[in-house]
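This report refers to the structure that appears directly beneath it.
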Amino acid sequence: MDIEQGQASAPIPTTRRERTIVRTSSLGIVANVLLAALKAVVGVVSNSIAITLDAVNNLSDALSSVITIVGTKLAGRAPDKRHPMGYGRIEYLTAMVISVIVLYAGITSGVESVRKIISPEVPDYSAAALAVVAAGVVAKVLLGRHVQSVGKRVNADSLVASGQDALSDAVLSASTLGAAVIYLIWGLSLEAWVGTAISAFIVKAGLGMLWRTLSQILGERVSPKLAERVKGIVAEEDGVLGVYDLFLNSYGPECRVGSVHVEVADTTSAEEIDELSRRVAERVFTHTDGQVVLAAVGIYSRNTGEDVSDMRERVRRIAVAHDHVLQFHGFHVNEARRLLEFDVIIAFEAADREGEYQQIVREVEEAFPDYAVRATLDSDITD
């Protein structure tokens, strides 16, 4: 498989990233506290449950930003003997706490809205109240776009989620404003119903945040962009004929540790392999600003003799003829031991991965009865 280096922007250094997250979150705290205070006053004065719940939502957003700052500071602690890979995963726990807070806010506001549906109260809107809500919509749109943009730039999921949440809040505040206009024109009070809708959106957002965080903790697939970039860096090293089996564990948004297999000519000496593996690890570490650490560089030996090229092609055709085979690699023939080896990646979508793998092995054994076949079933870990 040919590997080309991905066109990715250079990562932001951890210290700069931390300062950026703290600064952006601080802006979110100030903006949300001010909006919460104004909306709370307006909500109480106008007897509007929707505006009051909107204020509570702003307050929960401010608390989320506080937690983001605390989590970022803790995640930036230096590695120690107990946690040699650092504390980066605290950011995932921080996101989980934020999602629980959002869920709680949504559920409690939903309960209050239902009570208002059962026992409705007549709102009393003023021009000042509507102006505050309208200003809140504009402020949330601007804040959401800024926070989301910064979050994507520094690879901070908590900021991206906060930005998206702010944009959703803008839509909900606009709905509250719309309900007020309807009441003033037609005298139809939709306050409690709008409050219920806002609560449902808040709960949905909280569940989405919680699922994303749990998915990260469980261990997600490496992004195609990062996989392509790392493989491209490895492929540029002299002596590397192929790059396979990239495996990366996440120890936080800015720290991944794993391994990779490289294919080299079978004439490569142990000393050359040792030097190559060290260069590969150092090159990846340097070109990713220390965000990707290759703890191990495995080796595949490629036969240089022309007498096995036909065998390789025949085995490749047997393997890729199966619908769910994604990749065939690691082919090697040991003539002295009459041993034929290769790896095959079968997609998770296959109904019976093991059965398909066994079928491939049988077909190769039938095609080369004079050889012992040793095949490895690899998982579809990265693109």
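Please indicate, with yes or no, whether at least one residue in segment 267-282 is touching a residue at least 60 places away in the same chain (Cβ under 8 Å) and either over 30 Å from Ala156 (Cβ atoms) or hydroxyl-bearing (Ser, Thr, Tyr) (or both).
No, segment 267-282 contains no residue that is touching a residue at least 60 places away in the same chain (Cβ under 8 Å) and either over 30 Å from Ala156 (Cβ atoms) or hydroxyl-bearing (Ser, Thr, Tyr) (or both).
Restricting attention to segment 160-186, report how many residues are within 19 Å of Leu59 (Cβ to Cβ) and under 19 Å from the mean Cα position of the chain (by Cα).
Number of matching residues: 5.
Considering every residue within segment 101-110, establish whether at least one is among the polar types (S, T, N, Q) and under 19 Å from Ser250 (Cβ atoms).
no
For segment 76-100, which positions are assigned to a loop (DSSP other than H, G, I, E, B) and either among the acidic types (Asp, Glu) or under 17 Å from Ser250 (Cα atoms) (or both)?
Gly76, Arg77, Ala78, Pro79, Asp80, His83, Pro84, Met85, Gly86, Tyr87, Gly88, Arg89, listed by residue number.
So, Leu167, is that one closer than 22 Å to Val30 by Cβ and either touching a strand residue (DSSP E or B) at 6+ places or on another chain (Cβ under 9 Å) or assigned by TED's automatic domain parsing to the domain that holds Leu103 (or both) or not?
For Leu167, the condition - closer than 22 Å to Val30 by Cβ and either touching a strand residue (DSSP E or B) at 6+ places or on another chain (Cβ under 9 Å) or assigned by TED's automatic domain parsing to the domain that holds Leu103 (or both) - is met.
Please state which one of Ala127, Ala75, Ala105, Ala31 is over 20 Å from Asp169 (Cβ atoms), crowded, with 21+ Cβ neighbours inside 10 Å and hydrophobic (A, V, I, L, M, F, W, C).
Result of the check over Ala127, Ala75, Ala105, Ala31: Ala75.
Given the options Thr382, Thr288, Thr267, name the one that is of a type in the set (S, T, N, Q) and surrounded by fewer than 16 Cβ atoms within 10 Å (Cβ to Cβ).
Thr267 is the lone residue from the list that is of a type in the set (S, T, N, Q) and surrounded by fewer than 16 Cβ atoms within 10 Å (Cβ to Cβ).
Which numbered condition in (1) closer than 25 Å to Phe247 by Cβ; (2) in contact with a helix residue (DSSP H, G or I) (Cβ under 7 Å, 6 or more places away or on another chain) is the only one that Gly298 fails?
(2)
Is it the case, given these coordinates, that Ala295 is under 33 Å from the mean Cα position of the chain (by Cα), among the aliphatic types (A, V, I, L, M) and under 30 Å from Arg279 (Cα atoms)?
Taking the combined requirement at face value, the residue satisfies it.
Quick check: anything in segment 355-366 in the same structural domain as Ala265 (by TED's automatic domain parsing), in a loop (DSSP other than H, G, I, E, B) and not hydrophobic (A, V, I, L, M, F, W, C)?
no
Looking at Arg317, is it more than 21 Å from Ala265 (Cβ to Cβ), basic (Lys, Arg), in the same structural domain as Thr267 (by TED's automatic domain parsing) and in contact (Cβ under 8 Å) with a residue 24 or more places away in the chain?
no
The values are calculated or read from the model by the stated rules, or taken from the named source; none is laboratory data. Keep in mind that what you see is a predicted model, and the values were worked out from it rather than measured. FYI the Cβ positions are ideal-geometry reconstructions off the backbone, even for glycines, and counts take in every protein chain you see.
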